[in-house]
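For reference, the structure discussed in these notes is given below.
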Amino acid sequence: MDSGKGKQFPTNELLNVAFPNTPVVITRVDGHASIANDKALELAGIKAGQTITGGDIQTINGKLTGVLIDNADNAVYAKIPTPTTADYTNWLNTAQANCFAQGLTTVTDCGLNYDDVELLDGLQKEGKLNMRLYVMLSDNDANLNKYLKTGPYKTDKLFVKGFKVYADGALGSRGACLLKHYSDKPGWGGFLLRNKSHYDSLAQVLSTTDFQMCTHAIGDSANREVLNIYNKYLKTTNDKRWRIEHAQIVDVNDFNLFGSASIVPSVQPTHGTSDMYWAEARLGAERMKGAYAYKQLLKQNGWMPLGTDFPVEDISPFKTFLAAVVRKDAQGFPANGFQMENALSREETIRGMTIWAAKAGFLEKEVGSLEVGKKADFILLDKDLMKVEEARKKSALEFF
């Protein structure tokens, strides 16, 4: 299900025909919208006219369409049986193999619960966790109650130090929280997923700990809210390295709020090349000046981590490289690149995917560059990324 390239969401009519008696739910690629058949809606107790904080239950003429935005689909997913340990182990093995095949040696894993961490810890003790993981815990009471007592947890392969927080939804599903209404949906500006007081109180608590606050913010309103709260508790330059994940649309007057409190914009360049076909329709030309503005963001602190955001985007770091440097899709569109004033240099992009990414996870003394005393995590390529033309089709030959 993808509303990005179309003008409206689908309905669940075909799902109802194909699965009249079996509950079915399909998730949008970014995880910020779902479509469920009537059986799943019935099982979850979702009815037309309900209001959900931080979510939207879509209807047409008073009838459920099956489309659920952000928090609105929580009730459906709560009905899905919990996977077994064997399931998780198999998924981990598959994920590790996929990551290594693409040349990834360390991954930031966002939104885990404490039982997920315990499972990963058990697997690493058995020698089954071969990747390095920087873990951000999900923002919930169970995780906070457990880890605020014990503090961050670190081993050779596992580092639990962050809390992943969601301020808003995605631009494609129009859940991103904007300062003004969507250009292609008058009267609608998106929404925050929680009350503002939640983000403020969480920031206050985490500011007294060694944990990193890492908040997903896509819309310019969401970014402003998070930036103001971060600045309230961090106040000035610091080494807390609190992050805003995506920082996708920032009002031109708010960029300085990153530098004033050493706030780290953590961006994924392929978002720009995935969204460029329809982003201006959502935002209009004026707001696009602060959208996918990686060069402007980099200037705030002089460093900026880059990621893939898989499985939302492609797992390949080479597509990240292409999107950051030449700002084109895999087919070379657009010919002159997308908003090239915000393209990054090859060196900035390599640093963003290595040493700056490591720094964003407090791992720069161990990984991120080949130096005496650091881990020998590296890959071999058949061509030099600093020279090859547009680095269009690359893959890792070996990893170490």
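Of note:
- Residue (of Val325, Ala40, Trp278) at the positive-pole extreme of the chain, dipole from beta-carbon charges: Val325
- DSSP bridge pairs, the chain: antiparallel proportion in percent, nearest 5: 40 percent
- Estimated dipole of segment 162-281 in Debye, rounded to 20 [Cβ of Lys and Arg +1, of Asp and Glu -1, Cα centre]: 300 debye
- Unit charges on C-beta of K, R, D, E only; dipole of segment 167-361, Debye: 260 debye
- Neighbour-count order for Asp56, Asp115, fewest beta carbons within 10 angstrom listed first: Asp115, Asp56
- The distance separating the Cα centre of segment 6-61 from that of segment 314-360 comes to 35 Å.
- Sparsely packed loop sites in segment 105-186 (the trypsin sites (Lys or Arg not before Pro) outside DSSP H, G, I, E and B with at most 14 other Cβ atoms within 10 Å) comprise Lys128, Lys180.
- Only beta bridges with both residues in segment 167-361 are counted; by DSSP, about 25 percent of them are antiparallel.
- At 1.567 mPa s and 4 °C, Stokes diffusion of the chain via Kirkwood alpha-carbon radius, µm² per second: 59 µm²/s
- For segment 224-332, trypsin sites (Lys or Arg not before Pro) are listed when DSSP marks them as loop and at most 16 other Cβ atoms sit within 10 Å of their Cβ; the list is Lys235.
- Burial ordering of Glu13, Glu126, fewest other beta-carbon atoms within 10 Å first: Glu126, Glu13
- Remark on segment 12-78: Rg and Dmax equal 10.8, 31 Å (Cα only).
- In Å, descending, principal axis extents of the Cα set of segment 167-361: 48, 43, 29
- Cα-centre dipole for the chain with unit charges at Cβ (Lys and Arg positive, Asp and Glu negative), debye to 20: 540 debye
- 3J(HN,Hα) along segment 161-172, derived from phi through the Karplus expression 6.51 cos²θ - 1.76 cosθ + 1.60 where θ = phi - 60°, amounts to 9, x, 10, 8, 10, 10, 8, 8, x, 10, 5, x Hz, with x in place of Gly and Pro.
- Rel. contact order, % - alpha carbon contacts under 8 angstrom, at least six apart, the chain: 11 percent
- Extension gain, Gln204 to Glu118, is 28.3 nm, computed as 0.36 nm per intervening residue step minus the present C-alpha separation.
Taken together, the values in this text are just the output of simple stated rules run on the coordinates, not laboratory data. Source: prediction; values computed, not measured. As a convention, Cβ positions derive from the backbone with ideal geometry for all residues, glycine included, and neighbour counts pool all protein chains shown.
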